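Visitor: If you scroll down you'll find the structure; I have some questions about it.
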Amino acid sequence: MAQHSEDLFKSVISHAKEYGFIFPSSEIYDGLSAVYDYGQLGAVLKKNLRDYWWKSMVQMHQNIVGIDASIFMHPTVWKASGHVDAFNDPLIDNKDSKKRYRADVLIEDYVAKLDAKIQQEVEKAAKRFNPFDETLFKSTNPRIQEYLAKRLNTMERFKTAMESNDLNAVRDLIIDLEIVCPVSGTRNWTEVRQFNLMFSTSMGSVSEEASTLYLRPETAQGIFVNYLNVQKSGRLKLPFGIAQTGKAFRNEIVARQFIFRMREFEQMEMQFFVKPGSEMEWYEHWKTKRLQWHIRLGLGANLYRFHDHVKLAHYANAACDIEFNFPFGFKELEGIHSRTDFDLKQHEQYSGKKLQYFDSETNQHYTPYVVETSVGLDRLFLAVMSASLKEEQIEQDTRTVMQLPPFLAPYKAAILPLLKKDGLPEFSMTLLKSLQPYIELFYDEKDTVGKRYRRQDAIGTPYCITVDHQSLEDSTVTIRYRDTMHQERMHSTALLAFLTQNTGMATVLQGV
Ligand code: GAP
């Protein structure tokens, strides 16, 4: 695949559409911004990723259980959680283009441009730019010095303005940096305003009785409000976890970068309830565990890094992101947060119900602390797809291959009769019928076998099984490996064990 990261990103988007992984939502009506539909292959890949997460969390841990809470929740939930008052983005409009932007993103983009300029200078010295690299500050290159000083100053002003919620200072910074609207090219900006990210709707048929509801902006609150129900009905003892996957909705203003930032997306969250005082130990535990889980996908350990939060949300006493090297750079893939007892205490206060845990060992009642792991399924999908999609030069030709981890591939193998005659399709169909209760298979008898191989490479099928005339005589078939293109003969009765062993999830789960 194109090596330039922007080209790679474009290739991922067009490949996703061409092969039925992801389509723009309501495309015949010109689409709906930042909303996407998963196609026939995307839905399976997404399901396999969800299964990997669910099994790692629930099946592999005796003290973690899974639930499925509703998207609609009592409106007071969002008051208690702080989302009604504080789940905001700072917005600014350009008066000439009438386009709306996130003020913080305009500044971040400015910093990214500075970084690119520094990178250019650093590249001359054949090094990779790292903003935390101390030696850069000792550089004698005047341009590097100028850009670094600008970067430092911008970041300091930005941080102070955001931390003190000083929206005028954010606007002043945009003006001072001479940031222009990409559409109109002017600096004719409005004031900066806070904009709540929750979507609202109403419940009830009669307007006077209708109450405002929100589409949940995170799945976590469905876990908090059910924590005591689950603990009591499951007779769970601390420490224990509750896992959940499901849709979340945010009215993102800067909705771009394909499925990286969507308005409707899916989260996979686990709240781990622990004894107060033990939360930092568990925070470190889950940090290590979650990174290991990502690395087990086999995409390359160098594609991940931690980003520890310096400025913590008021309810957290530690937080970090696992970042992934997307085609547009390292960005957040998963968040790990030590949320203290903030959420449970807030729900106790707003509901008036006790949510304390009774510790039978110490004979005490207390509110557990919570360590949360939260990963976006769509972001994970994008990470897997962009790291797997490759373009390879083979002799005079190129081939597009998606080197998906085999256990995630939508089809584990394709069954291909060499010819559409002489009893080969019949033999192939019998083989398909015997294997398909166990393994996801694709059957294809159209085109030359070479073209069929290429199509399977492009959708990430790890193995192609070709049925030829010899198969009719001795029941052997050819098995072709996606990544090496190596072929070997195998008895058809050995296929089930081979495919289960090489494309199943069990081996991967053993390491998480
Ligand atoms: N309960 C904690 C929470 O929601 P978050 O950092 O806001 O934390 C967690 O979200 C994860 O959800 C992110 O790391 C990201 O993977 C995913 N996510 C958040 N907003 C998203 C969006 N607009 N589109 C796609 N994924 C998103």
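The values are calculated or read from the model by the stated rules, or taken from the named source; none is laboratory data. Everything quoted here is computed from the prediction, not taken from an experiment. With ideal geometry, Cβ positions are generated from the backbone for all residues, glycine too; neighbour counts draw on all protein chains shown. Surface areas here come from the heavy atoms of the whole protein model, side chains and all, with no ligands, DNA or RNA. Shrake-Rupley method; radii C 1.70, N 1.55, O 1.52, S 1.80 Å.
Visitor: Go through the stretch 260-292 residue by residue and tally those that are open to solvent by less than 40 Å² (accessible area, probe 1.4 Å) and either small (Gly, Ala, Ser) or under 28 Å from Leu228 (Cα atoms) (or both).
Guide: Result for the stretch 260-292: 16.
Visitor: Quick one: is Arg480 in contact (Cβ under 8 Å) with a residue 12 or more places away in the chain and surrounded by fewer than 17 Cβ atoms within 10 Å (Cβ to Cβ)?
Guide: So Arg480 fails the test.
Visitor: Now for a different question. Among the strands (runs of 3 or more DSSP E) contained in the stretch 283-365, which hold 2 or more residues that are under 28 Å from Pro405 (Cβ atoms) and either in contact with a strand residue (DSSP E or B) (Cβ under 6 Å, 6 or more places away or on another chain) or small (Gly, Ala, Ser) (or both)? Please lay out each step first, then the result.
Guide: Details: elements: 304-308, 318-326, 329-338, 357-359.
Passing ranges, in order: 304-308, 318-326, 329-338.
Visitor: Then there is this: Output the residues belonging to the stretch 389-441 that are in a strand (DSSP E or B), open to solvent by 10 Å² or more (accessible area, probe 1.4 Å) and under 17 Å from Ile479 (Cα atoms).
Guide: Hit for the stretch 389-441 is Leu441, nothing else.
Visitor: Next question. Got a sec? Which of Gln487, Gln436 is touching a strand residue (DSSP E or B) at 6+ places or on another chain (Cβ under 6 Å) and outside the structural domain of Asp51 (by TED's automatic domain parsing)?
Guide: Gln487
Visitor: Could you tell me which numbered condition Asn251 fails, if it satisfies all but one of (1) part of a helix (DSSP H, G or I); (2) within 13 Å of the ligand (Cβ to nearest atom); (3) over 21 Å from Phe224 (Cβ atoms)?
Guide: With respect to (1) part of a helix (DSSP H, G or I); (2) within 13 Å of the ligand (Cβ to nearest atom); (3) over 21 Å from Phe224 (Cβ atoms), Asn251 is out only on (1).
Visitor: Of the conditions (1) within 13 Å of the ligand (Cβ to nearest atom); (2) closer than 28 Å to Ser5 by Cβ, Gln292 fails just one. Which one is it?
Guide: The number of the failed condition is (1).
Visitor: Within the stretch 226-244, identify whether any single residue is within 12 Å of the ligand (Cβ to nearest atom), at pLDDT 95 or above and among the hydroxyl-bearing types (Ser, Thr, Tyr), and answer yes or no.
Guide: no
Visitor: So, one more: Residues being open to solvent by 50 Å² or more (accessible area, probe 1.4 Å) and either in a helix (DSSP H, G or I) or at pLDDT below 95 (or both): count how many of those fall in the stretch 11-42.
Guide: Final tally of qualifying residues: 11.
Visitor: Quick one: is Arg379 of a type in the set (Lys, Arg), assigned to a helix (DSSP H, G or I), at pLDDT 95 or above and crowded, with 22+ Cβ neighbours inside 10 Å? Don't jump to the end; show me each part of the working.
Guide: On the way: of a type in the set (Lys, Arg): yes; assigned to a helix (DSSP H, G or I): yes; at pLDDT 95 or above: yes; crowded, with 22+ Cβ neighbours inside 10 Å: yes.
Considered against the rule, which asks whether it is of a type in the set (Lys, Arg), assigned to a helix (DSSP H, G or I), at pLDDT 95 or above and crowded, with 22+ Cβ neighbours inside 10 Å, Arg379 comes out as yes.
Visitor: Restricting attention to the stretch 347-368, and to residues there that are open to solvent by less than 50 Å² (accessible area, probe 1.4 Å) and closer than 30 Å to Pro217 by Cα, which single residue is nearest to the ligand (Cβ to nearest atom)? Break it down into steps so the answer makes sense when it comes.
Guide: Step one: of the stretch 347-368, the residues open to solvent by less than 50 Å² (accessible area, probe 1.4 Å) are 347-348, 355, 357, 359, 366-368.
Remaining after also requiring closer than 30 Å to Pro217 by Cα: 347-348, 355, 357, 366-368.
On the way: His347: 15, Glu348: 19, Leu355: 18, Tyr357: 21, Tyr366: 23, Thr367: 18, Pro368: 17 Å.
Step by step, filter the stretch 347-368, then rank; the result is His347.
Visitor: Moving on. List the number of the failed condition for Ile336; all other conditions in (1) within 14 Å of the ligand (Cβ to nearest atom); (2) open to solvent by 60 Å² or more (accessible area, probe 1.4 Å); (3) aliphatic (A, V, I, L, M) hold.
Guide: The single condition Ile336 does not satisfy is (2).
Visitor: For Glu264, are the conditions met, namely being in contact with a Phe, Trp or Tyr (Cβ under 8 Å, 6 or more places away or on another chain), within 15 Å of the ligand (Cβ to nearest atom) and not aromatic (Phe, Trp, Tyr)? Break it down stepwise before answering.
Guide: Values: in contact with a Phe, Trp or Tyr (Cβ under 8 Å, 6 or more places away or on another chain): yes; within 15 Å of the ligand (Cβ to nearest atom): yes; not aromatic (Phe, Trp, Tyr): yes.
In short, yes.
Visitor: Right, next: Among the strands (runs of 3 or more DSSP E) contained in the stretch 146-238, which hold 1 or more residues that are aliphatic (A, V, I, L, M)?
Guide: Passing ranges, in order: 200-203, 211-214.
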